[in-house]
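Data block below; observations after.
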Amino acid sequence: MSDGFAEKEEVLRIENLHVQVEDKEILKGVNLSIHEGETIALFGPNGSGKTTLLMTLMGFGGYDITEGRILFKGKELNHMPPYERARLGMGVAFQKPPKVKGVTLARILESIRAGKEYEPYVEKLNLRDLLSRDVNSGFSGGEAKRSEVLQLIAQKPSFVMFDEPESGVDLENIKVVGGVMAHLLQKDKVIKERTVAGLIITHTGDILDYVEAETGYVINDGRVICQGYSRDVLADIRNYGFRECGSCMR
């Protein structure tokens, strides 16, 4: 954790989290904490447990907690359904956003938020022509990612998770999506004024060119094996690979 967040309220605490998926243990004792206004980046090889952690945090079915607990703003989430977590202020953007048949993008935006605070971002994200279409139905990869961040703008979560936001997106869309993510995470404010916390799962680290993450963690084989300033952690991964990360807990 960056020193600038040491005195801020802890938003999320993960304690010794063990998770099974179809009787296979994926997470094997994860410990992690995120403070108000802090953004962390989570790195790791394929199959290391990154997406499992995100899906477990959001409470989706099929991810069975066998040990440990998740605390959000002091409340234990272990048995709380996803909609209650969303009401508490948790939001998520998926790596592969699901299609929602029979529900237009305009309708879901109106359901999320009665007001129209998101309206300026319809144009900024170039989604005006897609408002009348079913959510993510026939959307390109970039359109689906832009749709996801627009829904988060409408929701206004206090803790937001992004699962590989650069996956399947061209460079132009990464820049657009990254700019809106930075707005969501209040990067235009000084640290003491930020209230929104974030977790960004990234495979390539490209999104960090547009969204600053104060702390980086590496997860491998279901355990957090390294932490440090996100740019330093990413540089070490690029230079030495994930295998070397476990040799020094920063």
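A few remarks follow.
- The trypsin sites (Lys or Arg not before Pro) found in region 1-73 include none that occupy coil by DSSP while having at most 14 further C-beta atoms within 10 Å.
- About its Cα centre, the dipole of region 140-186 is roughly 240 debye, where the only charges are +1 on Lys and Arg Cβ and -1 on Asp and Glu Cβ.
- Compared with the direct C-alpha span, the chain from ASN16 to ARG223 gains 73.6 nm at full extension, assuming 0.36 nm per residue.
- Equivalent ellipsoid semi-axes - Cα gyration tensor, region 47-141, angstrom: 30, 17, 12
- Under 21 Å from the Cα of LYS24 - lysines, other chains or at least 8 residues apart: LYS50
- In straight-distance terms, cross-link reach from LYS8 covers every one of the lysines whose alpha-carbon lies under 22 Å from its own, apart from those fewer than eight places away in the same chain; here that gives LYS73, LYS75, LYS156, LYS187, LYS189, LYS192.
- Rounded to the nearest 10 degrees, the angle from helix 141-155 to the longest Cα principal axis of the chain is 90 degrees.
- The distance from the alpha carbon centre of region 117-136 to that of region 30-77 is 30 Å, rounded to a whole number.
- Rg/Rh (Cα only; Kirkwood hydrodynamic radius) as it applies to the chain: 0.95
- Residue of PHE60, PHE162, PHE72 that the Gaussian network model of the chain assigns the largest fluctuation, springs spanning Cα pairs under 10 Å: PHE60
- Computed from the Cα positions only, the extents of region 128-250 along the three principal axes stand at 52, 35, 25 Å, in decreasing order.
- When only the Cβ of Lys, Arg, Asp and Glu is charged (+1, +1, -1, -1), the dipole of the chain relative to its Cα centre reaches about 500 debye.
- With a Förster radius of 30 Å applied to the C-beta separation of LYS28 and ASN239, the computed FRET efficiency comes to 0.70.
- Rounded to 10°, Cα long-axis angle of helix 230-240 versus longest principal axis of the chain: 60 degrees
- Cα→Cβ-extended label distance, 7 Å offset, between ARG231 and GLU123, nm: 3.4 nm
- Here is the list for region 107-204: trypsin sites (Lys or Arg not before Pro) lying in DSSP coil, each with at most 15 other C-beta atoms within 10 angstrom of its C-beta, are ARG113, LYS116, LYS189.
- A Cβ-based charge dipole, computed about the Cα centre of region 151-210 with Lys and Arg at +1 and Asp and Glu at -1, lands at about 460 debye.
- In the chain, the longest principal axis of the Cα atoms and the axis of helix 171-184 are about 80 degrees apart.
Values in this text are rule-based calculations from the coordinates and carry no lab data. Remember, it's a predicted structure, so these values are computed and weren't measured experimentally. Virtual Cβ from ideal backbone geometry, glycine too; neighbours counted across all protein chains shown.
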